[in-house]
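This report refers to the structure that appears directly beneath it.
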Amino acid sequence: MSGETEAAQFSNGTDAVQVISLKDDHRVTPGDDERRHLNDAVRSLPSHAVKDLLSAGVCMRCIFRLFGISDHAYFRSSLSPSVMCNILGEGDSSSSESMESELKPEVCRICLGILQFIYRDEKEMLVKRKNGDELAASIAELIRQEGHQINGFSLEVSIPPIIFENEQAVRLYMKKKYGSELWFQENLSECISTKDALKFAIVNPLEIILDVKSGPSYVRIRLTYTETKPSIIPLKSVDRNGGSQRRKTGTNNGLDTVHVELVGNGTGCCDLSLGQGSPASGRSSTGLAEHESSECSNLHLERVNEPCHLVFLCYRTPIYFGGRYLKFSRNVSQTRWIIDDERMGEASIEEIIGGNILPMCQGDSYKFHAAGREDIDVRMLGSGRPFLVEVQNARKVPSEALVKEIETRMNNLGNKLVGVKNLSLVTSHSWDLMREGEAEKQKQYCALVWISRPLEDEDLQCIASHKDLQILQRTPVRVLHRRSPLERRKIIHWMKIEQITGSSQYFLLHLCTQAGTYIKEFVHGDLGRTHPSIGSILRCRAEILQLDVTDVKMDCFLAE
């Protein structure tokens, strides 16, 4: 990998395109103040320790964060070892260039290129950014390409655990070598983590480019870094007085193991090796014990040939639409219903409502939730049944006016299968309200019933006299193949009969029941599995011909 910036590419989910060129207003040109801050930051560091870390292949930004320096200058600047050496006064430009070629790591051996803004994208293409502003600009461009409408964001970063392990090993080395020096006691306790340093580098530029503030938000920007070529070495150990000690660490979050090696040469010198490399050299600092003080120490970090993989994701937490639906057809299921590759019914409530809401939000997918369900041949009338549509990763959050426009569009569909009431954008708390009310709700029905004898006046009085009638229902025969065989006690709050003119054996049964009551079985008795039933009360055979739900008594999504 060349030390110069290559013609890198990145993936935006379609074809690879050239690296985004920053707009002029976002291009970073270090000014006098920035140079002064950078010079002051470098000169505040112990030069012998800085040169020690540079020689070991540690990048400048990692050096800054190890010393607890948090200044925008070193994230906005394009840093190089020669710049550092010049500021430290290490010789002329030719010697600095020679030192740069000798010292500059292709990939930092602590952060694996993360704070150098070098990474491999999803198409395995090498991407190099000069500074945090350029990385922020590329992220902002991807957000725009995906069409996200945002009014704020929170930044999430995931990095390989080996980075923390490498950092801890370097800090241990520095403690052994420089622990008695005053600057170490004052500065090295303020180390900034790689995650925080990266956030520090790109959050402010993102806020400027996107013109929004960061903080707790429904929109999440996630950067996931993973190791390119992690390695494993065999476990072996020796006594503390000589030889080598290697310790194997377990996998963490699917990332392969890394190892640490502390080598003693029997002369009081210790050589600390870590990082990412071949199976003979991958190492970790987990569980690393400090040896007794030694006369000399050498830091040797294994060369890192590849930077991390970076996967970028911008997503919105789910948004919810609540309302009530009506179903006017006896051939529409609540959700898509497929049996043996054959569709049941001509449509579904889920597809009609969700299919109209999803394009409005430009989301990835949706989930349909309702407060109970009715059979495919049962109509839902009256005030309607409460429902929620959960849209995943919506790029747009529609206005109230647009939501009402979608409601009107669904209500004006030519087939008149479904109606929608009180559609609105709601919070996730509405899910809990709907679930709580579902168990406590009462439902009203109207059933067309036939009995095997003529209806008499005493029958009307008998049915109406039953208040809060308790019935026992065993799982109906028609659903035994998919429901557990249980006994359920349910309450019929009230009933009344409405006679049909010109018919003595057909009538309309109006009733209000506890949620979860099987109405069809309450009418015909289900071979005695529901008792009492309309048939047993009237002492004749009773059959239900049609059923409508006329009201679902819940407080969810009622008109204001």
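The values are calculated or read from the model by the stated rules, or taken from the named source; none is laboratory data. Given the structure is predicted, the values throughout are model-derived calculations rather than measurements. For neighbour counting, all protein chains shown are included, and Cβ atoms are generated from backbone atoms with ideal geometry for every residue, glycine included. Please note that ligands, DNA and RNA were not included when accessible areas were found on the heavy atoms of the full protein model with its side chains. Shrake-Rupley method; radii C 1.70, N 1.55, O 1.52, S 1.80 Å.
Could you identify the single residue in T501, T550 that is in a loop (DSSP other than H, G, I, E, B) and of a type in the set (S, T, N, Q)?
Sole residue among the options that is in a loop (DSSP other than H, G, I, E, B) and of a type in the set (S, T, N, Q): T501.
Those residues that are of a type in the set (D, E, K, R) and surrounded by 14 or more Cβ atoms within 10 Å (Cβ to Cβ), I need them from segment 487-501; list them, please.
Within segment 487-501, R488, K490 qualify.
Which condition breaks for Q461 when tested against (1) of a type outside the set (K, R); (2) open to solvent by 70 Å² or more (accessible area, probe 1.4 Å); (3) part of a helix (DSSP H, G or I); (4) in contact with a strand residue (DSSP E or B) (Cβ under 9 Å, 6 or more places away or on another chain)?
Of (1) of a type outside the set (K, R); (2) open to solvent by 70 Å² or more (accessible area, probe 1.4 Å); (3) part of a helix (DSSP H, G or I); (4) in contact with a strand residue (DSSP E or B) (Cβ under 9 Å, 6 or more places away or on another chain), only one is false for Q461: (4).
Could you grab the pairs with beta carbons closer than 7 Å, sequence gap of 6+ or different chains, first residue in segment 141-166 and over 16 Å from V311 (Cα atoms), second one at pLDDT 95 or above and assigned to a helix (DSSP H, G or I)?
none
R395 passes all but one of (1) closer than 30 Å to G363 by Cα; (2) basic (K, R); (3) out of contact with any Lys or Arg (no Cβ under 9 Å at 6 or more places or on another chain); which number fails?
Against the list (1) closer than 30 Å to G363 by Cα; (2) basic (K, R); (3) out of contact with any Lys or Arg (no Cβ under 9 Å at 6 or more places or on another chain), R395 comes up short only on (3).
When you check I519 against the structure, is it surrounded by 13 or more Cβ atoms within 10 Å (Cβ to Cβ), at pLDDT 95 or above and under 18 Å from C462 (Cβ atoms), yes or no?
No, not satisfied.
Yes/no per residue for (1) open to solvent by less than 60 Å² (accessible area, probe 1.4 Å); (2) at pLDDT 90 or above; (3) among the polar types (S, T, N, Q); (4) assigned to a helix (DSSP H, G or I):
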{"residue": "G91", "(1), (2), (3), (4)": "yes, no, no, no"}
{"residue": "S94", "(1), (2), (3), (4)": "no, no, yes, yes"}
{"residue": "E102", "(1), (2), (3), (4)": "no, no, no, yes"}
{"residue": "C111", "(1), (2), (3), (4)": "yes, yes, no, no"}
{"residue": "A140", "(1), (2), (3), (4)": "yes, yes, no, yes"}
{"residue": "S180", "(1), (2), (3), (4)": "no, no, yes, no"}
{"residue": "I192", "(1), (2), (3), (4)": "yes, no, no, no"}
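Would it be correct to say that K213 is open to solvent by 10 Å² or more (accessible area, probe 1.4 Å), of a type outside the set (G, A, S) and modelled with pLDDT of 90 or more?
yes
For segment 522-544, name all the residues that are farther than 16 Å from P454 by Cα and surrounded by 17 or more Cβ atoms within 10 Å (Cβ to Cβ).
Matches in segment 522-544: F522, V523, H524, G525, D526, R529, T530, S533.
Output the residue which, of all residues in segment 358-395 that are among the charged types (D, E, K, R), within 33 Å of the chain's Cα centre (by Cα) and part of a strand (DSSP E or B), is nearest to K327 (Cα to Cα).
My answer is R385.
When you scan segment 436-454, how many residues do you find that are touching a residue at least 12 places away in the same chain (Cβ under 8 Å) and either of a type in the set (D, E, K, R) or surrounded by fewer than 17 Cβ atoms within 10 Å (Cβ to Cβ) (or both)?
Total satisfying the criteria: 11.
Among the numbered conditions (1) in contact with a strand residue (DSSP E or B) (Cβ under 8 Å, 6 or more places away or on another chain); (2) touching a residue at least 40 places away in the same chain (Cβ under 8 Å), tell me where W494 comes up short.
Only one criterion in (1) in contact with a strand residue (DSSP E or B) (Cβ under 8 Å, 6 or more places away or on another chain); (2) touching a residue at least 40 places away in the same chain (Cβ under 8 Å) is unmet by W494, namely (2).
When you go through (1) in contact (Cβ under 8 Å) with a residue 12 or more places away in the chain; (2) part of a helix (DSSP H, G or I); (3) not aliphatic (A, V, I, L, M) one by one for G355, which number turns out not to apply?
Of everything listed in (1) in contact (Cβ under 8 Å) with a residue 12 or more places away in the chain; (2) part of a helix (DSSP H, G or I); (3) not aliphatic (A, V, I, L, M), G355 misses just condition (1).
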